[in-house]
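So the structure is just underneath, and the comments pick up after that.
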Amino acid sequence: MKGPGYALSALLMAPSLLVLAVAFLLPVATLARMSLNTTMPGGAIVETITLVNYSEFLADEFYWEITGTTLLLAVIVTISALLVAYPIALFLFRWESPWRGPLAVLTISPLLVSGVVRTYGWIVLLGDQGPVNALVLWLGLSATPLKLSNNFLGAVIGLTEILTPYMALALIAGFGRLDRAAEEAAETLGATPWRTFIHVTLPLSLPGILLGSLLCFVLAVSSFVTPRLLGGGRVFTLATEIYEAAMLTLNWPLAATISMLMLVLFGITLVAYGRLMRAVAQ
Amino acid sequence: MTHLALAALSKHYGSAVAVDHVDLDLARGKFLALLGPSGCGKTTTLRMIAGLVEPSSGKILVDGADITRTPPYRRDMGLVFQSYALFPHMDVARNVGFGLRMRGIDGADATSRVAEALALVRLTGLEARRPKQLSGGQQQRVALARALVIRPTLLLLDEPLSNLDAKLREEMRAEISDIQKTLGITTVFVTHDQSEALAMADLVAVMDSGRVAQLGTPTEIFEKPATPFVAGFVGRVNVLQGEADGSEVAVGPHRLRAASEARGPVSVMVRPHRMRLSERPGATNRISGTIRRLTYVGEVLEIEIDASGHTLRVERSTDEDFSALAPGADITAHFAPEHTLVFPRTP
């Protein structure tokens, strides 16, 4: 684009670019700079330029482990959220009824309540004396209360519920290529409903699945409150470690380093998403 | 021998009636067109035959077997959708081969049948293309090949030509007719285009408000329309209001003869191309008036005549010489009694 149209679009984009520069690029640059500093044993920051934080992180098995835990948590949560949200989203996308709008709002309404509040809700629900365990004991499914919280499982359950509305939104938005006529065509050609789903519905909803998975994966990797509270201090992720370093051991350069590495992780995720989307669009 | 039979087939959506007691018998190898304006129930009827819409009541029989409750994937019908509904994530060969894979046919057998179907619709060589890389006409052919490759008992076509441009539409019209005749496959074709229905079908069912207004050959539908609706929907007509006495109809000062025994108020309908202009004193069914407008449309000259409160439209081939005609001039049109359609008028 050239000429007045180009100038106009540049002008229209200027405010958001400015906000983005101040609110995103500047903090990231500050973080990047901070990650190159070191600390004295007491916590005082030493202004310098060194990669020692990065080399320490990469050399430490513990950090590799928490990176693994973080990715595992994010992958499990993303898949769980997909399994929960997909049928709901498909139903909402298809259903021609005046109730469709209200029901869609209901689906995403958990977003109106803070994740912190919902996490505390899950602590109550999943506790040893909570209603879920009460039901399990009453039904005789187990003699002792199940360990549903204060562990990895608790973090998975809580995060799945918190991220499901995002997944549902992304799925509905991504169902654009899903054509009812294509499914009907498959049925008239002899495909049972199940085979129609596998051969037509699922492939055509891949863009939505990828978009929702990207969103949930990124949100799960960076989530802090839920793994921290529902993990009961036993689930260590990159985000809880950043908090640990920044707020408790006051090692800001280390916290900044982990943040930068997380940013790299997101970069890789985005590139992978782009590749997959192109493959799917073919 | 009856291949497809619909018996009192109906579909209601709440209190709205989409299809109302449709009865049809279609012999093997015949080509039936369901013709009507949008909302007349023709597509709903087709979708019920395919199994995509569940009938509210009535029956669908194929070779005498009741398939009303059979799911679409066990009906063995090839349906071509108006939007083609190709699978965008599969290439042409996989699109066409889909029905074979669902039937457990693969390998060399499937490959040769796909090739055969693509040859039938003249698309050989495009196996590896994706639907979005094809033109509308090519997508249409893929949809047709995909429906035919499974060797369906019935071929169902839902307005397959409506998304094509005029020239391509005529081409495909002939091609679908040829394929249907070559394969001898019983076919039901839904269209709102009367010329498509007349040109392609052996039998035409004109539908109006969920009912079959008339079922007949193209000639019967056009020449002997059963209702004013059919006369008006299939081809163009001039409508005159008159009084019938059992043998003749009085329209203003004119007395018209027709093969009708109707009495009382009637509508008289004459097709514009059945009207003659030559001055013959002995001719029956003469109406005189003044020329209001002449419209030259290439092959045809359209003459609008004001005659005792009615506007008559006459169509004559431009083969004849009409240079003497001019707006405002007096003129007499006449038409044969056998081309004069009379329908009792309900007050």
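Observations on the model:
- The label-point distance for B:ASP245 and A:PHE224, in a model that sets each label 7 Å from Cα toward Cβ, rounds to 10.2 nm.
- The value of relative contact order for region B:249-332, using C-alpha pairs under 8 Å at least six residues apart, is 30 percent.
- Compactness index (Cα Rg / 2.2 N^0.38 Å), region B:255-347: 1.13
- Here region A:52-281 is treated with +1 on each Lys and Arg Cβ and -1 on each Asp and Glu Cβ, and its dipole about the Cα centre works out to around 440 debye.
- Separation in nanometres of the label points that stand 7 Å from Cα toward Cβ, at A:LEU250 and A:THR192: 6.7 nm
- B:ARG101-B:ARG263 FRET efficiency (beta carbon distance; Förster radius 56 Å; 0.05 resolution): 0.30
- Calculated [222 nm] ellipticity per residue, helices only, for the protein assembly as shown: -14000 deg cm²/dmol; basis is -39500 (n - 2.57) per DSSP H run with n ≥ 4, divided by all residues, nearest 500.
- Sequence-separation-based contact order of chain B, relative, with Cα cut under 8 Å and 6+ spacing, percent: 16 percent
- Largest GNM mean-square fluctuation across A:ALA170, A:ALA85, A:ALA59, computed for chain A with C-alpha springs under 10 Å, falls on A:ALA59.
- Count Lys and Arg as plus one, Asp and Glu as minus one, and take only other residues whose Cβ is under 12 Å from that of B:LEU156; the net charge is then -1.
- Model label points for A:VAL105 and A:SER55, set 7 angstrom from Cα along the Cα-to-Cβ axis, are 5.9 nm apart.
- Qualifying GluC sites (Glu not before Pro) in region B:212-269, where qualification requires a DSSP coil assignment and no more than 12 other C-beta atoms within 10 Å, comprise B:GLU261.
- Relative to the dominant Cα principal axis of chain B, helix B:136-148 is inclined by about 60°.
- FRET efficiency for B:GLU220 and A:ALA279, using Cβ-Cβ distance with R0 set to 51 Å, rounded to 0.05: 0.35
- Rounded to whole numbers, the Karplus 3J(HN,Hα) couplings from phi for region B:284-298 are 7, 6, 9, 9, 10, x, 10, 6, 8, 8, 10, 10, 8, 10, x Hz, using 6.51 cos²θ - 1.76 cosθ + 1.60 with θ = phi - 60°, and x at Gly and Pro.
- Distance histogram for chain A (every C-alpha pair counted, 10 angstrom bins, percent rounded to whole numbers): 6, 20, 26, 25, 16, 6, 1, 0
- Within chain A, the whole DSSP H helices whose Cα atoms reach 20 Å or more along their own axis and whose mean Kyte-Doolittle score is at least 0.5 are A:4-20, A:61-94, A:152-174, A:206-222, A:252-281.
- Extension gain from A:TYR6 to A:VAL28, taking 0.36 nm per residue of separation minus the Cα-Cα distance: 5.0 nm
- Between B:ALA115 and B:LEU325, the contour length at 0.36 nm per residue exceeds the alpha carbon distance by 69.7 nm.
- Take every Cα pair under 8 Å whose residues are at least 6 apart in sequence, average their separation, divide by the length of region A:99-248, and the relative contact order is 31 percent.
- Helix axis angle, B:92-102 relative to chain B longest principal axis, alpha carbon, degrees: 70 degrees
- Accessible surface, per residue, of the protein assembly as shown when the full set of protein chains is kept, probe 1.4 Å, Å²: 49 Å²
- Taken one residue at a time, the phi angles of region B:238-255 give Karplus couplings (6.51, -1.76, 1.60, θ = phi - 60°) of 8, 10, 10, 9, x, 10, 9, 10, x, 10, 10, 10, 9, 10, x, x, 8, 10 Hz. Gly and Pro are set to x.
- Calculated FRET efficiency for the pair B:SER162/B:SER15, C-beta based, R₀ 35 Å, to 0.05: 0.75
The values are calculated or read from the model by the stated rules, or taken from the named source; none is laboratory data. Keep in mind it's a predicted model, so treat the numbers as computed, not measured. Using ideal geometry, Cβ is built from the backbone for each residue, glycine included, and neighbour counts are taken over all protein chains shown. Each accessible area value is taken on the protein alone, full model and side chains, heavy atoms only, with ligands, DNA and RNA left out. Shrake-Rupley method; radii C 1.70, N 1.55, O 1.52, S 1.80 Å.
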